[in-house]
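To keep things clear, I will list the structure first and then write my remarks on it.
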Amino acid sequence: MVDVGVDPATGKRRQLTRTFATLKEAKVEYARITNRRQEGTFVPPKQITVNEWLDRWLAMKADDLEETTIYNYRITLDRVRGKLGHIRLQELTEEDVEEWMNWALRYGRARGGKAGTPLGVTSVEMSLARLKDALNRAVKSSQQRDGCGV
C-alpha cells in the first residue's frame, strides 16, 4: 500500500494497494510509484474503458462540431470499439493499436462491402487519427485533473 496524494475533490488521502508474488517485486513497484509521485508524474489507475472514454470524448466534441461531423467521427471510431473498446484506458498499449491496425487492414470491413474483407488504408488512417485525438484529450484531461503529467 502506498499513498498517491490527496483527492482534490474531497481532500482525502488516496492510497493504492497492489499485490505481488515476491517482496522484491513489491519494493520495486513501491519505489517506482513513490518516485513518480515525488516528480509529479504519477497518475493513479482509473477503471474507465476505451469505449467509455470515447463516449465522453464524443460528447465533448459535440459542442464544437456539426452533427454530421460527429456522426462521421462515431462511424470512424466504431471500427476501433469492437477490438479495443473493452480495454481499460490506462492499459491500452501501442501494441494493442498496432494489432487492431493490422487486423483492420486484413479483415476490418463490417459494411459497405463484404464483411471481413480489408478496410482501405485511408479508412484505417482516419480511425487512427480520431483515436489519437481522443487519447491525447484523455492525457490532457488527466494532467489537468490530477495536476501532474503521465
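The values are calculated or read from the model by the stated rules, or taken from the named source; none is laboratory data. Please read these numbers as outputs of a predicted model, since none were measured by experiment. Please note: Cβ atoms are built from the backbone with ideal geometry, for glycine as well, and neighbour counts cover all protein chains shown. Note: accessible area is taken over every heavy atom of the protein model, side chains too, but ligands, DNA and RNA are not part of it. Shrake-Rupley method; radii C 1.70, N 1.55, O 1.52, S 1.80 Å.
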- prompt: What tally of residues in segment 56-108 results from selecting those that are of a type in the set (D, E, K, R), within 14 Å of LEU128 (Cβ to Cβ) and not in a helix (DSSP H, G or I)?
  reply: 0
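Can ALA104 be described as touching a residue at least 12 places away in the same chain (Cβ under 8 Å) and under 15 Å from THR49 (Cβ atoms)?
Judged against the criteria, ALA104 is not a match.
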field: Flag for GLN144 being in a helix (DSSP H, G or I), modelled with pLDDT under 90, surrounded by 13 or more Cβ atoms within 10 Å (Cβ to Cβ) and not hydroxyl-bearing (Ser, Thr, Tyr)
entry: no
task: Could you check, for segment 24-45, whether at least one of its residues is of a type in the set (Val, Ile, Thr), at pLDDT 85 or above, surrounded by 15 or more Cβ atoms within 10 Å (Cβ to Cβ) and not in a helix (DSSP H, G or I)?
output: no
task: Considering each of GLY112, GLY116, GLY149 in turn, give the residue that is assigned to a loop (DSSP other than H, G, I, E, B) and either open to solvent by 60 Å² or more (accessible area, probe 1.4 Å) or at pLDDT 95 or above (or both).
output: GLY112
task: Would you be able to say whether some residue in segment 46-66 is over 19 Å from VAL124 (Cα atoms), at pLDDT below 80 and surrounded by 11 or more Cβ atoms within 10 Å (Cβ to Cβ)?
output: yes
